[in-house]
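What follows is a set of notes on a single structure, which appears directly below.
What follows is calculated from the coordinates using simple rules that are stated; it is not laboratory data. None of the values given here were measured: they were computed from a predicted structure. Cβ atoms come from the backbone with ideal geometry, glycine included; neighbour counts cover every protein chain shown.
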Amino acid sequence: MKLRRRDFLRAAAAAAALAPAPRLARAQAYPAHPVRLLVGFPAGGQVDIIARVTAQWLGDRLGQSIVVENKPGAGGNLGAQAIISAPPDGYTLFFGASSNVVNTTLFANLPYDFARDTTAIATVNRIPLVMEANPAFASKTVAELIAAAKTSPGAINMGSPSAGTPPYLCVDLLNMMAGISVVHVPYFGENQMVTDLLGGQVLVGIGGISSGIGHIKAGKLRGLGVTTAERLPQLPDVPTIGETDPGFESSGWNGIVAPKNTPKDIVDKIAGAVHAIQGDQTFKDRLFELGVTILTMQTADFSKFLVSETEKWGKVVKFAGLKPQ
């Protein structure tokens with residue numbers, strides 16, 4: 001009887017020692033095959049460009065390919081819906097953007113709440129925005145644009161990317177703060193807007209700096225103003241919009257999220273890899289070339305940030321009476 005009891009205790013101890021093994025093995029094995037990174041906007045735009053750079057570096061760090069998959073539509077809503085519906089196994093991630101939290105208020109009857117129904121992993125970058133114009137545009141400065149808009153309300157068409165994006169909100173913010181009325185022309189994606197700016201189909205717009213900076217430096221577009229509080233080192237000669245319209249400031253952000261209930265060990269591994277590449281000077285330099293800056297947060301802080309951003313932009317949307325286009 002003693003022997004049996006001793007054997008039982010040994011077996012119990014062995015079982016207890018092995019209990020954490022599946023969780024540990026999963027963390028060590030992940031990722032065992034390529035990971036999808038969904039992007040809620042078309043290829044070639046601000047969010048897509050940064051997502052592809054991040055995917056390459058993150059894949060190298062994790063030891064697996066990260067394949068970017070564009071799911072554009074409804075200002076990022078289709079991509080958000082896809083990540084919320086995906087299995088929580090770490091093999092489908094989403095390159096979240098500011099618009100995803102804006103859309104919680106902007107779009108009525110969404111079947112989800114982005115902050116509540118995703119798992120925050122890590123922020124990646126902030127996105128400065130720029131008001132950019134075709135060289136043929138008559139106004140050469142923000143002050144001239146505002147003066148022209150006041151003289152002839154509704155005469156200026158101003159492009160922006162999809163509904164709910166920070167540039168989209170900036171057009172209405174400019175109308176509100178400057179007391180003007182430009183006609184808002186939202187595009188399906190940022191790349192399409194830049195193409196039309198270059199071709200003269202629309203003469204002025206607000207977009208993410210990554211998709212326009214090369215054209216501005218080449219003289220194919222003119223930077224009228226940046227939306228940040230201070231001038232950008234990448235475009236030192238372009239003034240801030242706030243220099244003309246005091247208090248005007250806005251920027252976007254990107255971060256990686258996963259489906260709700262993704263295991264913590266997988267979340268921690270991805271977050272650790274993101275923080276590691278953010279510490280690499282070459283990665284920082286690459287993002288700098290694209291006009292964006294590193295934004296580092298711990299996972300818990302990112303989760304709170306999603307909630308606070310939802311509340312902040314919700315107030316702006318309601319105050320301005322904005323509706324999706």
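Compute the length gained on full extension between Asp301 and Val183: take 0.36 nm times their separation in residues and subtract their Cα-Cα distance, giving the result in nm to one decimal. Don't skip to the end; give the middle numbers.
Details: separation 118, 0.36 × 118 = 42.48 nm, distance 3.76 nm.
Value of the extension gain: 38.7 nm.
Only Lys, Arg, Asp and Glu count, each charged at its Cβ (+1, +1, -1, -1), so figure out the dipole size of the chain about its Cα centre, rounded to 20 debye. Please list the in-between numbers first.
Working: 29 positive and 25 negative charges, 314 e Å.
With only Lys, Arg, Asp and Glu charged at Cβ, the dipole is about 1500 debye.
Spatially, segment 220-239 and segment 147-173 are offset by 18 Å when compared through their Cα centroids.
Translational diffusion of segment 126-168, estimated by Stokes-Einstein from the Kirkwood radius over alpha carbon pairs at 25 °C in a medium of 0.890 mPa s, is 206 µm² per second.
Quick check for me: using +1 on Lys/Arg Cβ and -1 on Asp/Glu Cβ, what's the dipole size of segment 129-243 about its Cα centre, in debye to the nearest 20? Don't jump to the answer; show the numbers that get you there.
On the way: 6 positive and 8 negative charges, 39 e Å.
That gives segment 129-243 a dipole magnitude of about 180 debye.
Taking the helices alone, the chain has a mean residue ellipticity at 222 nm of -14500 deg cm²/dmol, built from -39,500 (n - 2.57) per DSSP H run of at least 4 residues and averaged over all its residues.
Placing unit charges on the Cβ atoms of the charged side chains and taking the dipole of the chain about its Cα centre, the candidate lying farthest along the positive direction among Phe248, Val130, Tyr30 is Tyr30.
Take the Cβ-Cβ distance between Ala138 and Met176 as r, set R0 to 30 Å, and report the resulting FRET efficiency rounded to the nearest 0.05. Walk me through the numbers on the way to the answer.
Working: r = 23 Å, r/R0 = 0.78.
Taking R0 as 30 Å, the efficiency between Ala138 and Met176 is 0.80.
Couplings for segment 121-129, taken from phi via the Karplus curve 6.51 cos²θ - 1.76 cosθ + 1.60 with θ = phi - 60°, read 10, 7, 6, 10, 7, 9, 10, x, 10 Hz in order; Gly and Pro are left as x. Excluding same-chain neighbours fewer than eight residues apart, the lysines reachable from Lys304 by a Cα-Cα span under 27 Å are Lys71, Lys260, Lys264, Lys269, Lys284, Lys312, Lys315, Lys318, Lys323. Candidates Val267, Asn70, Leu290 compared by Cα position along the dipole of the chain: farthest toward the positive end lies Val267, with charges placed on Cβ.
From the largest down, the chain spans 100, 41, 30 angstrom on the principal axes of its Cα atoms. Within segment 129-243, the proportion of C-alpha pairs whose separation exceeds 21 Å stands at 26%.
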